[in-house]
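Note sheet for the following structure.
Taken together, the values in this text are just the output of simple stated rules run on the coordinates, not laboratory data. If you're wondering where the values come from, they're calculated on a predicted model, not measured in any experiment. Please note: Cβ atoms are built from the backbone with ideal geometry, for glycine as well, and neighbour counts cover all protein chains shown.
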Amino acid sequence: MNPILDVSNLTMDFGGLRALDNFDLNIAKGEIVALIGPNGAGKTTLFNCITGMYAPSGGDICIYPDVDKKVRLNGLKPNMITAKGMTRTFQNIRLFPNMTVLENVMIGRHCRTSSGILSAILRTSSARKEESGIVEHSYKILEKFGLNDFVNELARNLPYGAQKRLEIARALATDPFLLLLDEPAAGLNSRETKELDTLIANIRNEEKISILLIEHDMKLVMSISDRVVVMDYGKKIAQGPPDEIRLNPAVIKAYLGEEFVA
């Protein structure tokens, strides 16, 4: 199957520290891939390189929005990468706390708008029509995420679990074909984690969006992933289906531990 994301020989150096060491990764259309590993393994550094927050020291990052179209992301700024169809969430929630829930999602639509500043200031008919469409589209996303009752609430007033869902909702407002989730289950209780499991599956199955996630909750990883990639010290030490990774001796030693396998 052709990849929609292809990362090859990716290297990231911070002074004398090599955080990523010739790392390879590919994501196929429709896949949910989990990236796991000990703290400091390089997972978030990989996300930051893929999404343009860091300029990698070496290697290539390419996406394939269409079967015959290849786009090299090296050197592109994060907003340009988002506009090309790949977006992310963060380990630490980065909402606009003093804006409403609806406004937070509407901001996610900014990269898909065509009205210029002058049209917005003059409130032209085309600008008003586009804004109305953004509101409608954003509200529909909130409905899918069970957040429509909070539409006019300030983001800072939402419960923590709802804030996590709102950040994912805002990411989906950019119309991505590939969504990167950085520890989406962090800080959630068991009920919220189960709801997140269903939400991620629905994003893939109903919205037809591929997903790459960093996650430490192994129950979530093993239940939701088509494939698991394991990192340690900036290198890939294993990849494969969850059941295969669960029993991999190198993974058990580096990360999972005997108790998880038992």
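Computed over the chain, the convex hull of the alpha-carbon atoms projects to a mean area of 15.3 nm². Taking each of 29/235; 43/235; 29/194; 164/194 in turn, the alpha-carbon distance tops 18 angstrom for 29/235; 29/194.
Computing FRET efficiency as 1/(1 + (r/R0)^6) for residue 96 and residue 39, where r is the C-beta to C-beta distance and R0 is 35 Å, gives about 0.75. When the chain is described by a simple charge dipole with +1 on each Lys and Arg Cβ and -1 on each Asp and Glu Cβ, the residue from 211, 40, 89 located farthest towards its positive end is 89. Taking 183, 215, 244 in turn, the Gaussian network model of the chain (Cα-Cα springs below 10 Å) assigns the largest fluctuation to 244.
Could you work out the local net charge near residue 178, counting Lys and Arg as +1, Asp and Glu as -1, over the other residues with Cβ closer than 10 Å to its Cβ?
Local net charge: +2.
Would you please state which residues of the range 84-98 a label at residue 186 would reach in this model, taking the label point 7 Å out along Cα→Cβ and a backbone N cut-off of under 17 Å? Only 88-96 pass the distance filter. The longest stretch of the chain left intact once loop-based trypsin sites (Lys or Arg not before Pro) with at most 12 other Cβ atoms within 10 Å are removed from consideration, loops following DSSP, is 1-93. Over the chain, DSSP H runs of length four or greater, each weighted -39,500 (n - 2.57), average out per residue to a 222 nm ellipticity of -10500 deg cm²/dmol.
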